[in-house]
1. Is it possible to state the helix-based mean residue ellipticity at 222 nm for the chain, with each DSSP H run of 4+ residues giving -39500 (n - 2.57), the sum divided by total residues, to the nearest 500 deg cm²/dmol? What is it?
2. Counting alpha carbon pairs within less than 8 Å and at least 6 residues apart, what relative contact order, in whole percent, applies to the chain?
3. Gain in length, Ala74 to Leu572, computed as 0.36 nm per residue apart minus the alpha-carbon separation, to one decimal in nm?
4. Restricting to Cα pairs below 8 Å that are 6+ residues apart, what does the relative contact order work out to for segment 157-274? Please round to a whole percent.
5. Find the centroid of the Cα atoms in segment 538-571 and in segment 298-326, then give the distance between the two in whole Å.
6. Please identify the cysteines of the chain that lack any partner cysteine with a Cβ under 4.7 Å from their own Cβ.
7. Loop only per DSSP, at most 16 neighbouring Cβ atoms within 10 Å: give me the chymotrypsin sites (Phe, Trp or Tyr not before Pro) in segment 488-561, ordered by residue number.
8. Compute the helix-to-body angle for 536-549: its Cα long axis versus the longest principal axis of the chain, expressed 0 to 90° and rounded to tens.
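Rule-based calculations on the coordinates, nothing more; no lab input. From a predicted model like this one, the values you see are computed outputs, not experimental measurements. Counting neighbours? That spans all protein chains shown, and the Cβs are built from the backbone with ideal geometry, glycine included.
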Amino acid sequence: MWTLGAVPALFFSVTVAALLPRRSAETGAAGLRESVLTASVVFGMWVVTGTEALSYWHALSPGPVLTWWAVPTAAIGAVAWWSWRRGSPVRRLGMADALTHDGLGRWCAGGAVLVLLVTGIVAVVTPPNNFDAHAYHLPRQIYWIQQASVEHYPTSILRQIMMPPMAEFVGTHLLLLSGGDHWANLVQWFSLAMTALAASLIARELGAGMRGQSLAALLVVTNPMAAMQATNTKNDLVLSLWICAAAYFVVTIWTRHGCTPDRAILLGASLGLALLTKGTAVPYLVPLGLAAGVAIIARERRPIAAGITIGVVALALDAGHFARNLSEFGSPLASRRIENRLSNRTFSPAALASNLVRNSMLHAGTPSKALNRALDAATIRFHGWIGIDPSDRRTTYSATPFTIAYAPLDEDRAPSPLHLILALALPLLAWRHRRSPMLVAATLSTGTAYVLFCALVKWQPFNARLHLPVVSLLAAVAGTLAARERPIVVAAIAVAAMLVVAPSLLWSRQKPLLGEPSIFTASWEENMLRTQRQLHKPLYCTVAAARRIAPQSVGIIVFGEGREYLVQRALLRGLERPPRFVPSSTGRDIRPRPLEAADLIVQINGPSPELQREPQGAAYVLVKRCSPFVLYVPLRAKTAAAE
């Protein structure tokens, strides 16, 4: 059944084929790339539309989902076949011809393809093993599938229902079609490939030749954070895709002197999909929205109609999730409690300066502990000079103490030192080419996006991954500007990029290609628990006890946050009859307590008192400890599993 997970990929492929004749006629050598990027946005729109429609009828199940993809795939495939049979003009399909005359551009493109090939292999042969994936990205998909809808459900982990769900919508479709998590990592990997493609197209519109376009793509994929994120099931690269796609369509409004209806739809969809993917899209969308407004007013004869189209498409895609959050939390984006934890509580110049410096320092860590201490001390002295604590609770998530760390092999904290150097050099390069208004505007927009992020979002040690969208935009601008310098400059940047990303590709802490055990010598389960090996025996113990109980329904109670997906997956695979999972807490009342009868309760990370069920007055008694998992059954049930 897992092969059915390829059906959405087939939909994407036939969409590209259907778009290619027209796009090639319009843009020549860029026709293939623009067709692929356009198909990506169409793909995202189709995912959201199908998820919301099927959820409305509580039909989010394998059969309806397969039909949702198979029918349009056949229809679009027929259109593509008919179009090609008619002999529609297809010009050069990409940059291959031009690259044959540019050896340096060819090497940059080859480096980008190599990184994508390596990360693609890793994504396919390894399971999701990131903490956030196990805590909320994947558990929410399991609950959605079991209730055949993406409606909010009771949970003590509010992120599972509150956070924007676009990436998980795609994952849910793949999970339903394939019957497992075999395809789960490919959502992020595909997004990295499409982000690199979008960056190359942005560079093209900014005036870059094939060398600059190839360098832009290379800089996207050689960001160590991006390379490692491409092999997990988070959503930072998915957001990068929509941000870069939106930026491309904004630029084309200016360069092609107008906002056609299809371009307005694609721009609106990109903006809406970005906001539906991650809340941190907001600071990146503001400068894009302003740039789009200026371009439409300056270039479009009917700016009001174009603006309305963009807004309607964006809001239509987000309406379902916004409505569910508004009903549950009183806010379309997040609960007030979470907003207060993530958003800055002061917007003074000192607070902004603090966040600008601390966020930049996330990419300044070096292998030298002495140099890191010196940078740390300099940052603290700077904060003393501006009169603010470097760990100020108003601008720091969970009051995390500020320190400069070096974690190039960690997919949640890896720095991007080369991109930091390019960012610092960008104003100088833009000044050297100030006669190009587009390049100056692109540089200012990228810088504005970063400043807004620092102004709105609290600092935390994991912010480097939240920088992925702006770093991807930086890659497009930096690739364009650097390609205007001497060839030796481009060659040096390309070599440095490959050297910087190599350790992250080969020795990643979560998914190492080399070392012992390598992802190729470890089993699927060993790779799943690579950073949590101590959970192997507790999970085996939990499944063994559950087999004796043979529950039809299981409630999972999580104190704080835990790897809920590991329990779900172990029980789904280990029990003869897969159980139904019972949500354990309401979104309004986060106290961990079951809401309805369950044959088995699995408690994670919490104390072990006897559980009392208030709704029907039925008591639960402890039958097995598999720390950190504790198992309970109803008092009336047989206790054959008790020790």
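1. Numbers: 26 runs with 386 residues, N = 643.
Theoretical 222 nm ellipticity from helices: -19500 deg cm²/dmol.
2. Once normalised by length, the contact order is 16 percent.
3. Numbers: separation 498, 0.36 × 498 = 179.28 nm, distance 3.32 nm.
Result: 176.0 nm gained on full extension.
4. For segment 157-274, the relative contact order is 27 percent.
5. Using only Cα atoms to place each centre, the spacing works out to 43 Å.
6. Cys108, Cys244, Cys259, Cys454
7. Working: sites: Trp507, Phe520, Trp524, Tyr540, Phe559; in loops: Trp507, Phe520, Phe559.
Here the sparse-neighbourhood loop sites are Trp507, Phe520, Phe559.
8. Taking the Cα atoms of the chain, the angle to 536-549 is about 50 degrees.
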